[in-house]
Amino acid sequence: MTRPNRFQPIHKALRATLFDATALVARTEFAHQGEAAAAARTVATLLDLLDGHAHHEEQFVMPELAPHAPALAASLEADHSRLEGLQAELRALLPRTCSDVTAEREAAGQLLGRALTVLVADHLRHMDREESEAMPVLWAYRTEEELDAMDGRIRATIPPERMPAMMRLMLPALSTPELAGMLSTARAQMPPPVFAQLSGLAREVLGPERWANVARRVGLDSPA
Ligand SMILES: [Fe+2]
């Protein structure tokens, strides 16, 4: 049996969000105050997401990994520290991208674009290490039930009002079989009204064609 890679779904969402934010900043005219403010808001949301994700890994994943692969855990934690530093630099640029002085906004916009590209490159390598090096260690030393419990502890820290925003990022980033698997599990585990909210959100964010494919695989009535 192929065991699920626990890092992959959230990492897919993070990659999509990193790429979208990078493309947005690249096409932003920072001389235009409205465009600059929209780019700054998008980057601030991205940084909050990345910081929250790193905290989850440090609090809930590293303690499972460190006893069995201490050097790998230390190296991944060093990645986290370096990424945190890059993210702090980006965050410090945001007020300058909203300056009243046009030249200041333009200069900050250039720096923001460069810093974001470097951040993306660093995150891509880091996330790949977690998926390809850390995950096999967890598979070797933890059962699926134990990993389900770890995921459950992470989910429990996300306030319910933040869940729809997380799902809006995650659902479009997953493949059709992954979506079908997630919705099948959710349908088996969630109270029907909660599942109805999730499937309604999926229908909205996936668009009619992808939703119809997913709904057919899960055995849901797609037009409903
Ligand atoms: Fe990480």
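In table form, for the structure just shown:
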item	result
Residues Val101, Val120, Val214 arranged by fewest to most Cβ contacts within 10 Å	Val101, Val120, Val214
Backbone N under 16 Å from the Leu124 label point (7 Å along Cα→Cβ), restricted to the stretch 1-40	11-24, 26
With Cα atoms, 0 to 90° folded angle of helix 70-97 axis to the chain main axis	40 degrees
Rounded to whole Å, sorted largest first: equivalent-ellipsoid semi-axes of the chain, Cα gyration tensor	32, 25, 14
Net +/- balance of residues flanking Arg105 in space, Cβ distance below 13 Å, scoring K and R +1, D and E -1	-4
Relative contact order, percent, the chain [alpha-carbon distance under 8 Å, six or more residues apart]	27 percent
Contour excess over end-to-end distance, with Cα ends at Ala103 and Glu131 and 0.36 nm allotted per residue	5.9 nm
Residues Arg3 and Ala156, FRET efficiency given R0 of 22 Å [Cβ-Cβ distance, rounded to 0.05]	0.50
Approximate spin-label separation Val205-Phe19, in nm, with each point projected 7 Å along Cα-to-Cβ	1.6 nm
Between the stretch 69-86 and the stretch 96-141, the Cα center-to-center distance that results, in Å	15 Å
Helix axis angle, 33-56 relative to the chain longest principal axis, alpha carbon, degrees	40 degrees
14 Å beta-carbon shell around Glu130, net charge (K/R +1, D/E -1)	-4
Order of Ser199, Ser132, Ser99 - criterion: other Cβ atoms within 10 Å of each residue's Cβ, fewest first	Ser132, Ser99, Ser199
Radius 11 Å from Cβ of Leu171, net charge of other residues (Lys, Arg +1; Asp, Glu -1)	+2
Rough spin-label spacing in nm, given labels placed 7 Å along Cα→Cβ, for Trp139 and Glu77	2.6 nm
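Every number here is computed from the coordinates shown, using simple stated rules; none is lab data. Quantities reported herein were computed from a predicted structural model and do not represent experimental measurements. Virtual Cβ from ideal backbone geometry, glycine too; neighbours counted across all protein chains shown.
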